[in-house]
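The values are calculated or read from the model by the stated rules, or taken from the named source; none is laboratory data. Keep in mind it's a predicted model, so treat the numbers as computed, not measured. Backbone-built Cβ (ideal geometry, glycine too); neighbour counts: all protein chains shown. SASA here: full protein model, heavy atoms, side chains in, ligands and nucleic acids out. Shrake-Rupley method; radii C 1.70, N 1.55, O 1.52, S 1.80 Å.
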Amino acid sequence: MELYFPAGSKHQKHHMSGEAHKDLVWWDEVLAQALQRSIDSPKRETISTWTNAASTKGLGAFFISNLQPIPQPDMAFSRALPRDIIRKKEHLNTQEMRAVEQALLHWGSSWHGKRVLLHTNNRSVAYGIVKRTIRGGSMEVLPRCLLLTAEYDLELEAQWISTNANALAEALSRFDYEKITDLAPQLLQEICSPQKHGWRTYSTRDSLVSPPIIYGEASHPPPNAITKALDPVLGFSASSPTSATTTEDASQPKLPG
């Protein structure tokens, strides 16, 4: 990128660094949101979310709200890290910040206008979000997180917690189904599939549909199977005719007459 100054200036033509260009692009997108807030705005509903990154394994997160204090399958994810990110051998702080970004990309639109209280066991990420700046590679991810909060009109706050207090998010990031069973067994019925769902980015967030699901260790019927509850008294499907003699088995040949 090049800047042009008034004629006669010794800096009439000056090259701008890539980082400065990124900053200007970021500010251009933030200011384009043109958000307006009233001083007497009502108190916002609080969304509490927990995130974690597990080195080369993946990212995990879940959230709860006042209306739903127990995390449900659509309120949690376990997501594998893309291979290119694994090959970069990013610092753990950067991966932890990516977990925050994925949570905002995944649920930000549904949190519109709310207060988001983030819980993380990474001090650098917690302080970085509070101070709106951080050192190292995490600084490449943090601006996108702040841009998402502006786009979805969120009040993002962060709080450091111990690793023990972040046990469920850690289990999700490590795909530790045994531990998930102990902490939140309801999540094993429907956990987002990282293989099918892929990796969200800021530029593709609006083109993605709801994530597909996998079924932990619970057995489930094949897609083309139709299951019906059995009547405990009659011994056949409660939705079938009331008389067992009126049912026909399609697999048996019909008798003449």
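What to note about this one:
- The residues listed here are D28, D74; of these, the one that is open to solvent by 90 Å² or more (accessible area, probe 1.4 Å), under 23 Å from E151 (Cα atoms) and at pLDDT below 85 is D28.
- All positions within the range 126-139 that are closer than 15 Å to L104 by Cβ and open to solvent by 10 Å² or more (accessible area, probe 1.4 Å): R132
- Among residues that are at negative phi and modelled with pLDDT of 95 or more, L146 is not included.
- I64 being under 26 Å from Q186 (Cβ atoms), part of a loop (DSSP other than H, G, I, E, B), open to solvent by 20 Å² or more (accessible area, probe 1.4 Å) and among the hydrophobic types (A, V, I, L, M, F, W, C): no
- Candidate set from the range 31-54 (those that are open to solvent by 20 Å² or more (accessible area, probe 1.4 Å) and modelled with pLDDT of 80 or more); member that is farthest from T181 (Cα to Cα): K43
- Checking S55 against (1) assigned to a loop (DSSP other than H, G, I, E, B); (2) within 20 Å of D153 (Cα to Cα), the condition it does not meet: (2)
- Check on V125, within 20 Å of P82 (Cβ to Cβ), part of a helix (DSSP H, G or I) and without any contact (Cβ under 8 Å) to a residue 40 or more places away in the chain: yes
- Selected residue [modelled with pLDDT under 95, under 17 Å from the mean Cα position of the chain (by Cα) and either over 15 Å from A103 (Cα atoms) or of a type in the set (V, I, T) (or both)] from E140, E190, E151: E190
- Residues of the range 162-180 classified as surrounded by fewer than 15 Cβ atoms within 10 Å (Cβ to Cβ) and outside any helix (DSSP H, G or I), total: 2
- Residues in the range 59-79 that are among the small types (G, A, S) and within 12 Å of the chain's Cα centre (by Cα): G60, A61, A76, S78.
- Check on V100, assigned to a helix (DSSP H, G or I) and β-branched (V, I, T): yes
- Pairing residues of the range 128-155 that are under 30 Å from P42 (Cα atoms) with residues that are of a type in the set (S, T, Y) and open to solvent by less than 60 Å² (accessible area, probe 1.4 Å), at Cβ distances under 8 Å and at least 6 apart in sequence or on separate chains, gives G128/S138; R144/Y202; L147/Y202; L148/Y202; E155/T149.
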